[in-house]
Amino acid sequence: MKIAVLSRNQNLYSTSRLVAAATEQGHEVRVIDPLLCYMTIASQRPTIHYKGEELKGYEAIIPRIGASITFYGAAVVRQFEMMGIYSINESVAISRSRDKLRSLQLLARRGIGLPVTGFSHSTQFTSDLIDLAGGAPLVIKLLEGTQGIGVVLAETRKAAESVIEAFRGLKEHILVQEFIKEAKGSDIRCFVIGDKVVAAMKRQGKEGEFRSNLHRGGHASIAKLTPEERSTAVRAARIMGLNVAGVDLLRSNHGPVVMEVNSSPGLEGIEEATGKNVAGMIIQFIEKQAKPGRTRTRGKG
């Protein structure tokens, strides 16, 4: 099988592991920088070109689209879909999961547990917005933030009002969310492939840090999931339309709540914490699923 990994850097752990896993299983694999792709938008014969050559003969792609290039990256994935090439995560699902507000609304509509969340354009009624989210302390998030950047814990009402007004003064869109104190600075990353959780790790923030991101000094250990947590993670990924997803859960007093569904989950932390060959499982899933024209949307949406 001829597989393309869409990634800006072939030396990243996740990218290199996918290449190694595909090669080990006898596939031809190439890393392609999506920002260097250019395409012809045509109804009869859509094409993608890369560094002066037309890309032909690919049977599957693995998008590793970073948050900063979501718009163009999704357009490249959509073009592959129009050409009938199987994408393990489709363009519509990637775009949907990157929009934090839209993804939370979709999850809420389908009954997935979430922290109480508020969203507003105006700062005129900030005090009421804080009350709707359960009052201080609360978490304030930039809609475009990643890896814990742009996430602030406001310990007091006054601090919350100041942070909200500061972010809105910068014309940034923000969410305010209930602070799940009982999680104690930890979360659960569930790695979903298809209709099952194949690996799970508990991420614990460093001392005094409420964010558990490994990039911010947190550490990971293997996690044992409850049936409810496993079901919640699989349902959340399915609602987003993702075949491969990292679903981040918090353990609250009223059950698991979903913080985020990631369409390009990193492999390093989960493989090191669990000892599982997650990259190999992704390739095996592609082997079973990739068929010409198997993509559901074929570039629609």
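The values are calculated or read from the model by the stated rules, or taken from the named source; none is laboratory data. Since the structure is predicted, the reported quantities are computational estimates derived from the model, not experimental observations. As a convention, Cβ positions derive from the backbone with ideal geometry for all residues, glycine included, and neighbour counts pool all protein chains shown.
Just one of the listed residues (K202, K206, K171) is modelled with pLDDT under 85 and in contact with a strand residue (DSSP E or B) (Cβ under 9 Å, 6 or more places away or on another chain), and it is K206.
Kindly establish whether G73 is at pLDDT below 95 and outside the structural domain of S263 (by TED's automatic domain parsing). Criteria not met by G73.
Looking across segment 58-76, the residues that are assigned to a loop (DSSP other than H, G, I, E, B) and within 17 Å of the chain's Cα centre (by Cα) come down to R64, I65, G66. The set of residues in segment 276-301 being assigned to a loop (DSSP other than H, G, I, E, B), at pLDDT below 95 and more than 30 Å from V176 (Cβ to Cβ) consists of A290, K291, P292, G293, R294, T295, R296, T297, R298, G299, K300.
Table: residues versus (1) surrounded by 19 or more Cβ atoms within 10 Å (Cβ to Cβ); (2) not in a strand (DSSP E or B); (3) not small (G, A, S).
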| residue | (1), (2), (3) |
| --- | --- |
| I3 | yes, no, yes |
| N9 | no, yes, yes |
| T15 | yes, yes, yes |
| L18 | yes, yes, yes |
| G26 | no, yes, no |
| V29 | yes, no, yes |
| L35 | no, yes, yes |
| A42 | no, yes, no |
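Restricted to segment 229-286, and to residues there that are acidic (D, E) and buried (at least 18 other Cβ atoms within 10 Å of the Cβ), the residue that is nearest to K202 (Cα to Cα) is D248. Of all the residues in segment 87-125, those that are touching a strand residue (DSSP E or B) at 6+ places or on another chain (Cβ under 7 Å) and at pLDDT below 95 number 12. If you go through segment 116-147 and keep only what is in contact with a Phe, Trp or Tyr (Cβ under 8 Å, 6 or more places away or on another chain) and closer than 15 Å to V258 by Cβ, you end up with just V139.
Cβ-Cβ below 7 Å, separation at least six or inter-chain, first residue in segment 103-127 and within 11 Å of A236 (Cβ to Cβ), second assigned to a strand (DSSP E or B) and of a type in the set (S, T, Y): which pairs? That search, which allows pairs on different chains as well, returns L104/T117. Of the numbered criteria (1) closer than 26 Å to L175 by Cβ; (2) assigned by TED's automatic domain parsing to the domain that holds E28, the one T126 fails is (2). Taking the conditions (1) in contact with a Leu (Cβ under 6 Å, 6 or more places away or on another chain); (2) at pLDDT below 90; (3) outside any loop (DSSP other than H, G, I, E, B); (4) of a type outside the set (F, W, Y) in turn, L129 satisfies each one other than (1). Comparison of Y38, Y58, Y50 shows that the only residue that is within 16 Å of A290 (Cβ to Cβ) and of a type in the set (F, W, Y) is Y58.
Report whether or not L6 is outside the structural domain of S231 (by TED's automatic domain parsing), of a type outside the set (S, T, Y) and touching a helix residue (DSSP H, G or I) at 6+ places or on another chain (Cβ under 6 Å). Spelling it out, L6 is indeed outside the structural domain of S231 (by TED's automatic domain parsing), of a type outside the set (S, T, Y) and touching a helix residue (DSSP H, G or I) at 6+ places or on another chain (Cβ under 6 Å). Looking at the structure I just gave you, is F80 crowded, with 21+ Cβ neighbours inside 10 Å and of a type in the set (F, W, Y)? In short, yes.
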